[in-house]
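This report refers to the structure that appears directly beneath it.
The values are calculated or read from the model by the stated rules, or taken from the named source; none is laboratory data. Not measured: the values here are computed from a predicted model. In this analysis, Cβ positions are derived from the backbone assuming ideal geometry, glycine residues included, and neighbour counts consider all displayed protein chains.
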Amino acid sequence: MKLSVVVPTLNESKTILKVLKVLDSHELIHEILVIDDGSTDNTPKILKAFKSKKKFTVLTHLSNLGKGAAVRWAFKKITGDFVIIQDADLEYNPKEYKKLIEKAGKNHVVYGSRIISSNPKAYLRTYLGNVLLTQFCNLLYGTQLTDSYTCYKLIPTKIAKSLDLSSNGFEIEAEITAQLAKKKILLLEVPISYKPRSYEKGKKIKAKDAIKGILTYVKLRFDSLQF
């Protein structure tokens, strides 16, 4: 299996070096695509050292366009058999890739669920927001997920490239799940570890992003209806 890893990053100078070193040493990874989404800290300087490395491709947005825009650009470039998104803050541990890969298949997607495992919760509202978003997704699409907004979705590249994605922000997670569900793609889950960081340490997703996620689920569920 050739695994492509997509790493969207914005002002992550405190963690990006550690993340990329971990990925560089990971035996299962075929390629690593890092998308600098308009960083204004030292992130671009750190990324320069990886541009010449064989596994790495560094893409740069001149301004901040959002996680979704970064993911969409990277999905066009991937060459591996499967793709997974890796946030640049190490809330998600790349050691967990093995769990997802063990369940991998050409015709289904494997989600890494933070809910199945007993993981620490930095903010109750963030945890509850994720649960509510997932239940809303299950209600609209008939899925049986516990964590629709997980970053870890192991997607066959053929399926990833078939998605007609347009989201620019964090709602890309909702759009990916909704489109997979509409395509009747089987969605499996495995438990993963998760170490959330605080907003003080740089966590970026906000309540408004949850609202955008809900609107994305609704829009895609009923986009074929004529009013």
Residue list for the stretch 43-63, filter: surrounded by 15 or more Cβ atoms within 10 Å (Cβ to Cβ) and either part of a loop (DSSP other than H, G, I, E, B) or out of contact with any strand residue (DSSP E or B) (no Cβ under 7 Å at 6 or more places or on another chain) (or both): Ile46, Phe50, Lys55
Per-region count, the stretch 1-12, residues surrounded by fewer than 18 Cβ atoms within 10 Å (Cβ to Cβ) and modelled with pLDDT of 95 or more: 1
Qualifying residue in the stretch 127-138 (condition: surrounded by 22 or more Cβ atoms within 10 Å (Cβ to Cβ) and not in a helix (DSSP H, G or I)): no
Breaking point among (1) within 16 Å of the chain's Cα centre (by Cα); (2) more than 16 Å from Gly213 (Cα to Cα); (3) not small (Gly, Ala, Ser), for Ile116: (1)
Counted residues, the stretch 64-79 - those being buried (at least 20 other Cβ atoms within 10 Å of the Cβ), of a type in the set (A, V, I, L, M, F, W, C) and assigned to a helix (DSSP H, G or I): 5
Of residues in the stretch 197-210 being surrounded by 13 or more Cβ atoms within 10 Å (Cβ to Cβ) and out of contact with any helix residue (DSSP H, G or I) (no Cβ under 7 Å at 6 or more places or on another chain), the one modelled with the highest pLDDT: Asp209
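Each row is one residue, and each column tells you yes or no for (1) touching a helix residue (DSSP H, G or I) at 6+ places or on another chain (Cβ under 9 Å); (2) farther than 22 Å from Gly169 by Cβ.
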site	(1), (2)
Asn11	yes, no
Glu27	no, yes
Phe82	yes, yes
Lys99	no, yes
Residue within the stretch 155-175 that is modelled with pLDDT of 95 or more, in contact with a strand residue (DSSP E or B) (Cβ under 8 Å, 6 or more places away or on another chain), crowded, with 18+ Cβ neighbours inside 10 Å and assigned to a strand (DSSP E or B) present: yes
